[in-house]
Ligand SMILES: Cc1ncc(COP(=O)(O)O)c(C=O)c1O
């Protein structure tokens, strides 16, 4: 298939111009050369566009809606501040520190939704001091704890619908499904959850679910089953105000991935939930930030061992764990491709661990030490999940404005 800018991943703000990779109007190699360490680049305009695309799609829903940004995907402060200038309703936070960070970036308590996973007594204490923050409880214990500290509060219940969705139907990216997971309240405990809430004077006003991460067109049939299952809970909760569908919206990682058709996605929500007349919330992370970010690394060596050509980069899986942890495909793009026949190579990181490979059997133009390589889709779950393993955790982040 022909692509408007020559490669499946290319778009107006990310493409080759005279054999130079240009991102947000900048020559990526020239920018990276100014820094000694691995560099994350984010395009502020792309963030705004991604929020805008979701906002526009949901405007066709015919129901009131809220878009929360899931901070766990990327908490770089300039990015969080930038997102305040978009039509987001607020931020989804899932720990006390994320909550404090959101407040520090200027978000107001009433704009925050707290996913109370693994709630501890001190978390409940903090939340008691911030009654405007919305809390979604995902265990009976969290309901009890919150009830003890904040009686009379309105809450959401995160349910586990037993249906998982994820990129390429990966089990590792599913948060619910055949396997019993730690997330959410199962149907058989739902009555007990409602009773526990009532017992502590908590009012259940929202239902919440998050089925998994990275779903695309191919997973919309499963998404439809999630919606049907969620709808079947709604009549059990008098006084229900809204349904939160979680995050999980994915984006293409390979040439053959079919991007989500947001019109179709909204159509399914309307079909299965529209008649309930409730408010709809979503809390995407990846969809907003992932394709707005690149990780730029330098080639350290290119060397053949037996039948395999290795290209080693100056950054490893500790800076972007998803290819190693979740098998998410990594798309390497040379910043200044050299002329010559393509070589099939294994792209390796610089961490002394067997799983530290970015991509195997990938065709690249010839590369030499000192060349820069951009790894695409590094805006989500890369810097936020990074570690200092082998004391190689240094990196820089820049938010670019066009
Ligand atoms: C409860 C919840 N909401 C939202 C998200 C954001 O998901 P994503 O970045 O895939 O949209 C997650 C991610 O795991 C989550 O667990």
Original post:
Quick one: would you say residue 255 is within 16 Å of the ligand (Cβ to nearest atom), assigned to a loop (DSSP other than H, G, I, E, B) and over 14 Å from residue 165 (Cβ atoms)?
Top reply: no
**OP:** Go through the range 1-87 and tell me which strands (runs of 3 or more DSSP E), entirely inside it, have 3 or more residues that are within 15 Å of residue 294 (Cβ to Cβ).
**Re:** 14-17, 20-23, 39-43
Original post:
Mind checking which residues of the range 172-192 are in contact with a helix residue (DSSP H, G or I) (Cβ under 6 Å, 6 or more places away or on another chain) and surrounded by 22 or more Cβ atoms within 10 Å (Cβ to Cβ)?
Top reply: 173, 185
Original post:
For the subset of the range 13-26 comprising residues that are farther than 18 Å from residue 331 by Cβ and free of Cβ contacts under 8 Å to residues at least 40 places away in the same chain, which member is surrounded by the most Cβ atoms within 10 Å (Cβ to Cβ)?
Top reply: 17
**OP:** Identify, from the list 31, 58, the residue that is within 30 Å of residue 368 (Cα to Cα), at pLDDT 95 or above and crowded, with 18+ Cβ neighbours inside 10 Å.
**Re:** 31
Original post:
If you go through the range 64-75, how many residues are more than 15 Å from the ligand (Cβ to nearest atom) and surrounded by 18 or more Cβ atoms within 10 Å (Cβ to Cβ)?
Top reply: 1
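The values are calculated or read from the model by the stated rules, or taken from the named source; none is laboratory data. Bear in mind that the values here come from a model prediction, so they are computed numbers and not experimental data. All Cβ positions, glycine included, derive from the backbone under ideal geometry; neighbour counts span all protein chains shown.
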